[in-house]
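The values are calculated or read from the model by the stated rules, or taken from the named source; none is laboratory data. Predicted, not measured: the structure shown is a model, and the values here were computed from it. FYI the Cβ positions are ideal-geometry reconstructions off the backbone, even for glycines, and counts take in every protein chain you see.
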Amino acid sequence: MSVRRLILLGGAILLLAGVIGLLVPVSATSNDGKEIGCGNALFQDLDQARSANSSSIAGVPILNEIVPHTDYVALCESALSSRRTWAIPVAIVGIVVAASGAVVRRRTAASTAA
């Protein structure tokens, strides 16, 4: 296998890993073990998190007591942000590596033909 093919294969693997990372569903887990679906890194779906926030007992005012409240929307946004933080750069590096492998081949083929 030539170096060009290895570069193209590495770029394709990185691109595939980045795209899979963007499309796999993201969920957020609270301290009490409740898991909320957040959509995926491309299309966020915060409806379930908003519903969990509104159905929590933390919204009910109780005098002289503080009820711990988990903000599920914030947890989802954090989980989505962390997924995007690594998946988008991995996909971009995969594109750049695959494109450079294609360009290297064209340049060497053009220089040997001349």
message = Going by what's in this entry, would residue 67 be described as in a loop (DSSP other than H, G, I, E, B), modelled with pLDDT under 90 and not acidic (Asp, Glu)?
response = yes
note = With criteria (1) surrounded by 12 or more Cβ atoms within 10 Å (Cβ to Cβ); (2) out of contact with any helix residue (DSSP H, G or I) (no Cβ under 8 Å at 6 or more places or on another chain), residue 43 comes up short on (1)
ask   = What number of residues within region 29-50 satisfy the criterion of being under 13 Å from the mean Cα position of the chain (by Cα) and either of a type in the set (Lys, Arg) or not in a loop (DSSP other than H, G, I, E, B) (or both)?
value = 2
inquiry  = For the structure I just gave you, tell me whether residue 83 is modelled with pLDDT of 90 or more, of a type in the set (Lys, Arg) and not in a loop (DSSP other than H, G, I, E, B).
reply    = yes
message = Cβ contacts < 9 Å: first residue within 27 Å of residue 40 (Cβ to Cβ), restricted to region 1-29; second residue aromatic (Phe, Trp, Tyr) and surrounded by 12 or more Cβ atoms within 10 Å (Cβ to Cβ), any location; separation 6+ or different chain. Result?
response = 18/86; 21/86; 28/72
message = Give all pairs with beta carbons closer than 9 Å in which a residue from region 38-50 that is farther than 9 Å from residue 23 by Cβ meets a residue that is among the acidic types (Asp, Glu) and in a loop (DSSP other than H, G, I, E, B); count only pairs at least 6 apart in sequence or on separate chains.
response = 38/45; 39/45; 49/71
task = Hey, can you tell me all the residues within region 27-43 that are within 16 Å of residue 71 (Cα to Cα) and not hydroxyl-bearing (Ser, Thr, Tyr)?
result = 28, 31, 32, 33, 34, 35, 36, 37, 38
ask   = Right, residue 45: modelled with pLDDT of 90 or more and not hydrophobic (A, V, I, L, M, F, W, C) or not?
value = yes
